[in-house]
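Note sheet for the following structure.
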Amino acid sequence: MRKRLFAYICAFTLLAGALPGAAALEGEAVRAADTLVTLGLLESSASGDYDLDAPATRAQAAVLLVGLAGAKQAAQSDSWISGFVDLPAGAGREITYAAHQGWVSGVSQTEFRPNSPVTANAWFTFLLRMLGYSDKSGDFTVDGAAVFAQHIGLAARAYTGTMTRGGMFRSAVDALAFSYKEGGDTVAARLAERTPAARAAVNALGLLETALTARQVADRLTAAVFCMEMYETQRRIDNGTPSSNSSGFFITSDGLAITNYHSIQDGIYGVVILSTGESYEIERVVYYDEAIDIAVIRVSQISLDGKTTSAFPYLELVGVEDVQPGDAVYSLGNPLGQGLSVSQGIISATEREVDGYELPLVVNTADISQGSSGGALMNIYGQVIAVTTGAYTRGNSMYLGVPVDPAMKADWTAEGMTLPEMVKAEAAKAAAE
């Protein structure tokens, strides 16, 4: 029966509309501005013109930051003295409060330069600090803040150079669904808690809804998925020509990830490539089971260019216990490092016996293509139920997923083995049979 299936190797399927063009992005900036106005975080524009293409200033960034934190009232009563001598009357209290909290910093001890454009790195430095991340503790670097924001899934797209007002508004709205570093509350939830006037708007806008649209899955969760390149010989390693490409996804912030066993089984060296383009080696195989085609791997926290990451974005595992036919699902992967790969479907069957697998598989209609082996099959809440592994070659929309339940029960603290050790162990096992 295994011959009737095909395993997918690193290509991607784009959901229509998931990657917006320039016109769509302009429309998104308007909608983001409208959202911020509704939440009371931005002054409304009588003409409807938010001057979206203009550079955002450092003062505007500080004011928006304090608003996102639900700290407008606290800012007005803060008597701390910042030492800045150039604060404008309309934003001075917010800048002072943000500086007091350690979220923003001046260009010197006496100058904040409120009217200067804010760069993407500066804006995301402010935002990351507000969320509890620390550049001083090594969570990120100021000159790499925008990339780190995309790396952890805070930014849904890449931002560089000077932030426009539209870009800042879009990124602020994206941040509403992001959780503070210590866990628990999202920015929207804490805003509603701290700002009663915004509570009704937060609910009306659906910002506390846990069910996700396909676009929200793409924006919020893609960062946790990666393309994986495997090398089966030293010659291929030396030449930089991978033997195969597939996908995987992180399940812990310190680098544990899940993929299919068949994606790694003959590899002696492997690299994962994130949506940001960053590359990391596969250090060890913590758990694997050939019979059910699943593996838990540990990814190095030091990239191939020598930079250490403080955290990886990751997905929550729930398994298939509560999954029923007809449930909506999303399939997400990042093959070949080409960016977003997301599709939508429904569960067709939850316990389909398939020859060659010791565990019943999940059959669903969420389209996958070559390269999706090791990707995540998720419910509408963005929780992983299965690993995408292949499809029936004869049939329509009959895509297969391996339940993640065995991986959930595995010992994630196990030392495991390196890829060469695993290949050697499997070869010895085959020789003994």
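The values are calculated or read from the model by the stated rules, or taken from the named source; none is laboratory data. This structure is a prediction, so every number in the text was calculated from the model and none was measured. Please note: Cβ atoms are built from the backbone with ideal geometry, for glycine as well, and neighbour counts cover all protein chains shown.
Against the condition outside any loop (DSSP other than H, G, I, E, B) and among the aliphatic types (A, V, I, L, M), how does L359 come out, does it pass? The answer is no for L359. For the stretch 359-375, the candidate set comprises residues that are surrounded by fewer than 24 Cβ atoms within 10 Å (Cβ to Cβ) and at pLDDT below 90; within that set, the residue that is farthest from I264 (Cα to Cα) is D367. Which is under 22 Å from Y314 (Cβ atoms) and among the small types (G, A, S), of A201, A197, A155? Going through A201, A197, A155 in turn, just one is under 22 Å from Y314 (Cβ atoms) and among the small types (G, A, S): A155.
With respect to being in contact with a helix residue (DSSP H, G or I) (Cβ under 7 Å, 6 or more places away or on another chain) and under 21 Å from A311 (Cα atoms), Y159 fits the description.
Sub-6 Å Cβ pairs linking a first residue in the stretch 276-304 that is farther than 30 Å from G144 by Cβ to a second residue that is part of a strand (DSSP E or B) and modelled with pLDDT under 95, at least 6 apart or interchain, are D293/T389, ordered by first then second residue. Of all positions in the stretch 33-50, at least one carries a residue that is farther than 19 Å from A172 by Cα, of a type in the set (S, T, Y) and surrounded by fewer than 19 Cβ atoms within 10 Å (Cβ to Cβ). In this structure, T393 does not satisfy being polar (S, T, N, Q), within 12 Å of V363 (Cβ to Cβ) and in contact (Cβ under 8 Å) with a residue 24 or more places away in the chain.
The rows are residues; the columns are (1) within 30 Å of K429 (Cα to Cα); (2) part of a strand (DSSP E or B).
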| residue | (1), (2) |
| --- | --- |
| D238 | yes, no |
| T241 | yes, no |
| F249 | yes, yes |
| H262 | yes, no |
| G267 | yes, no |
| Y288 | yes, yes |
| S300 | yes, yes |
| P325 | no, no |
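Within the stretch 188-211, being part of a helix (DSSP H, G or I), surrounded by fewer than 16 Cβ atoms within 10 Å (Cβ to Cβ) and of a type in the set (A, V, I, L, M, F, W, C) holds for A197, A200, A204. Here F312 clears all of (1) closer than 23 Å to E232 by Cα; (2) within 15 Å of the chain's Cα centre (by Cα) except the condition numbered (1). Which residues, counting only those in the stretch 87-130, are out of contact with any strand residue (DSSP E or B) (no Cβ under 7 Å at 6 or more places or on another chain), in contact (Cβ under 8 Å) with a residue 40 or more places away in the chain and over 17 Å from A74 (Cβ atoms)? Once the filter is applied, which keeps residues that are out of contact with any strand residue (DSSP E or B) (no Cβ under 7 Å at 6 or more places or on another chain), in contact (Cβ under 8 Å) with a residue 40 or more places away in the chain and over 17 Å from A74 (Cβ atoms), the stretch 87-130 yields F112, R113, A120, A122, W123, F124, L127.
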